[in-house]
1. How high is the relative contact order of the chain, given as a whole-number percent (alpha carbon pairs under 8 Å, six or more residues apart)?
2. Could you calculate the contour length gain from residue 90 to residue 142, that is, 0.36 nm times the residue separation minus the distance between their Cα atoms, to one decimal place in nm?
3. On full extension of the chain, what length is gained from residue 177 through residue 81, given 0.36 nm per residue of separation minus the C-alpha to C-alpha distance?
4. Tell me, how many Å apart are the Cα centres for segment 106-147 and for segment 1-57?
5. Looking at the square roots a ≥ b ≥ c of the eigenvalues of the Cα gyration tensor of segment 1-120, which shape do they give, rounded for a/c under 1.5, prolate if a/b is larger than b/c, or oblate?
6. Per DSSP helix of 4 or more residues, -39500 (n - 2.57); summed, then divided by the residues of the chain. What does that give at 222 nm, rounded to the nearest 500?
7. Mind checking Rg over Rh on segment 108-206, alpha carbons, Kirkwood formula for Rh?
8. Taking the structure as given and computing volume of the Cα convex hull per residue in Å³, which label from (i) 122; (ii) 139; (iii) 148 fits?
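No value in this document is a laboratory result; all are computed from the given coordinates. Note that the structure is predicted; figures quoted are calculated from it, not measured.
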């Protein structure tokens, strides 16, 4: 049994989709990011970085429980555990790792900042909006050119696609018209139709809220609560020095 510590976000959705694709048994442990539950000491023992998703596999290596955080690491772990969605051949395997890393290092951070400055920031900062939206558009172009050559990002359907797809799903927050990237659109629709993807998206679907956070959610997501770890506050840094 795998415990999934989850809240419905683009990073979060990767893991229930993967668990459904692999047919692995799991139970959901909701971590309400909008109300600061990611800072609870019990969760910090599983993920000291106070983010979702995280898992605890009660049948980990050697039959011992194993806790794991960071979605990219979790996807690779589940692929190895199930023997699915990650090729064994070395060349093909590294193609998947390459595109998984592309998502973790580029798509997630850049799309996330684009969405933040367009949909969450208390004031519109033109330089930040242009900076991150231009980079988002550039990354869509990279994906579109790759998907013009092959069906999925790394050839066959893999954890690289599962990692990237949820970020394209929230494209409205980034003001992206999918029709401007026809190969991404074909890829997106193809994955969207998969039954396992639909089941993964259904997990805590009623709790999904993207954009327009209230004051409490803003504090939990972006405020000084971020400097609190298990009740201990980091020293304040005076940027004027």
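1. Result for the chain is 27 percent.
2. Computed gain between residue 90 and residue 142 is 16.3 nm.
3. Answer, rounded to one decimal: 30.9 nm.
4. If we compute the Cα centre of each part, the gap is 25 Å.
5. Verdict is oblate for segment 1-120.
6. Helix-only estimate at 222 nm: -14500 deg cm²/dmol.
7. That ratio equals 0.99.
8. (iii)
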